[in-house]
Each structure stands twice: as C-alpha cells, then as structure tokens.
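The values are calculated or read from the model by the stated rules, or taken from the named source; none is laboratory data. Keep in mind the model is a prediction, meaning the values are calculated, not measured. FYI the Cβ positions are ideal-geometry reconstructions off the backbone, even for glycines, and counts take in every protein chain you see. All accessible areas refer to the heavy atoms of the entire protein, side chains included, with ligands and DNA or RNA removed. Shrake-Rupley method; radii C 1.70, N 1.55, O 1.52, S 1.80 Å.
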Amino acid sequence: LLSLKDGGVKSAAKIGLATKDSGECMIKYSLKRINWIAGVNKERRARKLAAGGSFSVAEIRAMMKNQKGKCVVCRVGIKDAYHIDHVMPLALGGGNGIGNIQLLCPHCNRSKKDKHPIAFMQANGFLL
C-alpha cells in the first residue's frame, strides 16, 4: 500500500496521479483511493480462496457455447464483452466452482453486484 511517507508521491507521479501542478490534496485522495481498492481486492481474493472451487478457461468457453453467446439475464450478445459472475455471490457464501458461475453482460453484472440471485431476478421482473 502507498503512503506519503514511503515515497507515495513519487509512486503517484509514476502512475499518472500526480503532476507538477497537482496539489498535495489530490495526491492524498488518490493514495487513499488506491489503498481502498487494494483493500477491497485483498478481501475479495480471501473470500474466493475460502469459498473453494475453481474453473478453467475451457469451462468458460463451454459455458459461452451453452449460453449461445448471450447474457443469462437480458439475453444481449456477449461475445465481445462479458463478465464472469458468481450466481450466489462470494459475499453471501457462494462457491467459486463452475457450478456457481454464469456469464453476464457488463451492465447486468454491475447492476447485480452482490445481490442474492432471487432478489436480483425478482427486481428485474423474472420471478414472482
């Protein structure tokens, strides 16, 4: 993680978050944001490891074929851009195995977030 004490300003400049004209406030905000994202990613990796299970590229390709190249929710074509989604989110105790994976369009995956699958589908008018 980055901080102002351990060369964070130099690091921020290297990745384009700081320039000669940028104030220390922007650098501090940027460093806080980077650290927050790193923390979120670390927690997600830990949940994934604890959930167990895995899937391969071949399994994802087979899933794309089974889904006929369409998003499970809205049925839009996803051959160019798709997200690998956990049906039951890791945050709600779902596993990381292929049985808990589906391919969604970016829009549907961003709107699903970590919602329970039944609640999400009901909110989208698919389940009563």
| Estimated FRET transfer efficiency when R0 is 22 angstrom, pair LEU49-ALA81 (beta carbons, to 0.05) | 0.20
| field | Label-reachable residues, the range 89-112, where backbone N falls under 20 Å from a point 7 Å from GLU59's Cα toward its Cβ | value | 89-105
| message | What figure, in Å² to the nearest 10, do you get for the accessible area of MET121 with a 1.4 Å probe and non-protein molecules left out? | response | 40 Å²
| said: Within the range 61-128, what whole-number % of the accessible surface is contributed by carbon and sulfur, with the 1.4 Å probe and all protein chains included in the calculation? | reply: 57 percent
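Let's test the formula: R0 of 35 Å, r as the Cβ-Cβ distance of TYR29 and GLN122. What FRET efficiency results, to the nearest 0.05?
Result of the calculation: an efficiency of 0.40.
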